[in-house]
Structures are given as structure tokens and as C-alpha cells.
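Everything below concerns the one structure shown next.
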Amino acid sequence: MNKNKIISVNDFHASDLFEKWNNLIVKAEKSILIFTPYLDSTINKLIENSAKQVQVKIITTLEGDSLFQ
């Protein structure tokens, strides 16, 4: 691995992340906790692939006591 390589924005694509996230969600057995300020069709597509018995929580704000609810 080249430690001196500069990482640019062009090295990453949204489709790469979706596949990695999807693989993690499919493996979930008990729960999924998603932190995101945005709710869009991407989140819906990801959680549709989760097992039906998996509890899904989506946190959209980090203010106040929302982290502890």
C-alpha cells in the first residue's frame, strides 16, 4: 500500500458506498442504527434489504436527548 498516495474526491463514488452499506445491512441480525441528516430513497432502498426481524432506527438530529431515545 502506498502511504504517500493522495486520495481525491474522484477515488470514491456513491455507488461504491451503497454496495458496502447494503452488504452490512443484509448481514444485520438484530438491529440497524443509521445516523443521517437526510432521508431519501437511498435509505428506503437500504432498509428494504434488511431482514424483517431487524429493528431499524434512523437518527436525523444530534441535538438534545435524541441520541438516548
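Where a number appears in this text, it was derived from the coordinates with a stated rule and is not lab data. In this text, all values refer to a predicted model and were calculated from it rather than measured experimentally. Glycine also receives a Cβ, built like all others from the backbone with ideal geometry; neighbour counts cover every protein chain displayed.
Taking a Cβ cut-off of under 9 Å around V54, the surrounding Lys, Arg, Asp and Glu residues balance to a net charge of +1, with basic ones at +1 and acidic ones at -1.
Across the range 29-42, coupling constants 3J(HN,Hα) worked out from phi with the 6.51/-1.76/1.60 Karplus curve, θ = phi - 60°, read 10, 10, 7, 10, 10, 10, 9, 7, x, 10, 10, 8, 5, 4 Hz, and Gly and Pro carry x. Near the amide H of I59, within less than 5 Å, lie the amide hydrogens of I34, F35, T36, all on another chain or at least 5 residues away, with H placed in the peptide plane.
For V54, no residue whose modelled amide H falls within less than 5 Å of its own remains once neighbours fewer than 5 places apart on the same chain are excluded.
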